[in-house]
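Below is one structure, written out as structure tokens; the observations come after it.
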Amino acid sequence: MGLRRDAREAAAQYLYQREMQGDESDTALTEFYDMRGLSPSGRRFCDALLQGWMRHRESVDEAIRKNALNFEFNRLSAVDRNVLRVATYELLHCPDVPPAVAINEAIEIAKKFSTGDSGKFVNGVLDNIRKQFRASVKPSAH
């Protein structure tokens with residue numbers, strides 16, 4: 001497994017843990033990293049994903065709400081919701097990550113940790129977000 005995949009998995013797992021424990025603080029992050037065994041580079045990338053989601057949490061969650069058609073946000077599987085959070089943050093706020101990479105990574109993580117249908121569901125939601133984001137970005141004038 002690649003370093004970034006491992007960091008993405010860790011970020012989704014940490015958000016899931018945080019949600020399940022109802023803990024809005026990040027006091028358990030160091031303990032999580034020690035237990036998870038991420039490399040220093042993996043930790044830095046995971047930190048960037050988590051901090052980015054925290055900074056843009058409202059817009060990221062709103063994008064998921066708007067694009068998880070026929071699904072109420074709070075009724076999504078907690079695993080799927082947190083995989084979507086990491087990937088949506090990357091789609092909207094990480095121009096150095098190609099959209100196809102963010103989407104494919106999220107699909108693989110969802111397949112690994114969630115239900116058999118989660119890969120298709122995650123793909124559909126993220127592809128909708130990608131299309132919506134692409135349509136809202138104005139081409140720059142040269």
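Over all projection directions, the Cα-based convex hull of the chain averages an area of 9.1 nm².
Here K111 is the anchor, and the aspartates and glutamates within straight C-alpha reach of less than 14 Å, apart from those fewer than 8 places off in the same chain, are E9, D80. If we count every other residue with Cβ under 9 angstrom of R85's Cβ, Lys/Arg +1 and Asp/Glu -1, where does the sum land? Once positives and negatives cancel, what remains is +1.
Loop-resident GluC sites (Glu not before Pro) (DSSP state other than H, G, I, E or B) in the range 1-64 with no more than 14 further Cβ atoms inside 10 Å of their Cβ: E24. Note on the chain: GNM, Cα springs under 10 Å; of G119, G22, G42, the largest mean-square fluctuation is that of G22. The calculated pair-distance distribution of the range 40-115 uses every alpha carbon pair, bins of 10 angstrom beginning at 0, and gives 19, 53, 27, 2 percent. Give the cross-link partners of K131 among the lysines, using a straight C-alpha distance below 19 Å as the criterion and excluding same-chain residues fewer than 8 apart. Within the straight-line limit of under 19 Å, K131 reaches these lysines: K66, K120. Between helix 40-67 and the chain there is an angle of about 50 degrees, using the helix long axis and the longest principal axis of the Cα atoms.
For the chain, the longest principal axis of the alpha carbon atoms and the long axis of helix 78-93 meet at an angle near 60°.
No value in this document is a laboratory result; all are computed from the given coordinates. If you're wondering where the values come from, they're calculated on a predicted model, not measured in any experiment. Heads up, the Cβs are rebuilt from the backbone with ideal geometry, glycines too, and the neighbour counts pull from every protein chain shown.
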